[in-house]
Amino acid sequence: GQIGAALAFLLVGAGLLVNSLVRLSRVQPGYDTGGTLTAQLVLSGSRYSTRDFKPDRLNLFLDTLTQRVRALPGVSEVSHAQSVPLTGIENNTKFEIVERPVAKGEQSSAQLRFIGAEYFKVLSIPVKSGRAFTAADNPQAPDVAIVNEAFVRAHLQGENPIGRHLKMGWGGDGPKEIVGVAGDVRHRSLSDSLRPEVYVPQAQFPNAGVTLLVRAKNGVAPASLAAPIAALVRGLDPEMPMGEVRTLEEWRAEALAVPRFNTALLGLLSFVAL
């Protein structure tokens, strides 16, 4: 009886894990993982030190780098963000909707994403209503933000958010006008629930976290773009090293690595027991 119970436990557990892994691998993350290279930029040295940080200098560097990378053979689209989905980098901020005052002591929070103008286009994240960010959303323009569908469901009960204003605990001092609604993305993990998110133009709130996103043209391997991109970065700023360089597919594969290992381990134990 003990042997039978132990064997049944292992086999059923392995079967459930296999089923969970299969279902997880089929989860739609809300963006296109194919054909895109990511490269983390390490903002170090005297030009981008925290003590003497100059937002205009960083914006100029990113604009120039984006234009030159876009001109490379084999490149389709280019953008940047503080972080990309499934990398484990998270920001949380408190906020209030200016047009909907809340009771004293009541607080709402959302995930905060800093992105470049073409971010949604590079990742093929649909803009459901309103508009995406453009190059005109610069430091001299009015502060703007984009929310996702989960934000609208959770905090506006499906009402139209366009034209409303967010006052945030972090990510800028003044109220930000909501100009668009983006599709939901599973940012933290593939098993993550859909959480309220607020996107802010990185040009309007420059920060030291920068990840370049480069979509390759059809038939071009994204990894083949790593060397020419690194050369462009060195040409613009020899003091700025590049951090981790991976494709979005590799980030997704790493997100499945732990569940895959657990499934393989329990499957092996089940086989030995059998």
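In the condition set (1) open to solvent by less than 20 Å² (accessible area, probe 1.4 Å); (2) free of Cβ contacts under 8 Å to residues at least 60 places away in the same chain, residue 65 is compliant with all but (2). Taken over the stretch 135-152, the residue count meeting the criterion of being charged (D, E, K, R) and assigned to a helix (DSSP H, G or I) is 1.
Summed over the stretch 1-42, the residues that are in a helix (DSSP H, G or I) and of a type in the set (Phe, Trp, Tyr) give a count of 1. Checked against (1) on the phi > 0 side of the Ramachandran plot; (2) under 22 Å from the mean Cα position of the chain (by Cα), residue 163 passes all but a single condition, namely (2). When residue 230 is tested against the conditions (1) touching a residue at least 24 places away in the same chain (Cβ under 8 Å); (2) surrounded by 15 or more Cβ atoms within 10 Å (Cβ to Cβ), the lone failure is (2). The residues in the stretch 183-227 that are of a type outside the set (Gly, Ala, Ser), buried (at least 17 other Cβ atoms within 10 Å of the Cβ) and under 25 Å from residue 142 (Cβ atoms) can be counted, and the count is 11. Per the conditions (1) in contact with a Lys or Arg (Cβ under 9 Å, 6 or more places away or on another chain); (2) open to solvent by 60 Å² or more (accessible area, probe 1.4 Å), the sole criterion not satisfied by residue 123 is (2). Residues that are open to solvent by 60 Å² or more (accessible area, probe 1.4 Å) and in contact (Cβ under 8 Å) with a residue 24 or more places away in the chain were ranked within the stretch 154-182; the one that is farthest from residue 194 (Cα to Cα) is 175. Among the residues of the stretch 175-195, those identified as touching a His at 6+ places or on another chain (Cβ under 9 Å) and farther than 21 Å from residue 33 by Cα are 175, 176, 177, 178.
Scanning the stretch 99-110 turns up no residue that is surrounded by 20 or more Cβ atoms within 10 Å (Cβ to Cβ) and either of a type in the set (D, E, K, R) or closer than 21 Å to residue 33 by Cβ (or both).
If the condition is being under 19 Å from residue 163 (Cβ atoms) and in a loop (DSSP other than H, G, I, E, B), then the stretch 103-134 contributes 131, 132, 133, 134.
The values are calculated or read from the model by the stated rules, or taken from the named source; none is laboratory data. Because the structure is predicted, anything quoted here is derived from the model rather than measured. Here Cβ is always computed from backbone atoms with ideal geometry, including for glycine, and neighbour counts include all displayed protein chains. Remember, those area values only see protein heavy atoms, side chains included, never the ligands or the DNA or RNA. Shrake-Rupley method; radii C 1.70, N 1.55, O 1.52, S 1.80 Å.
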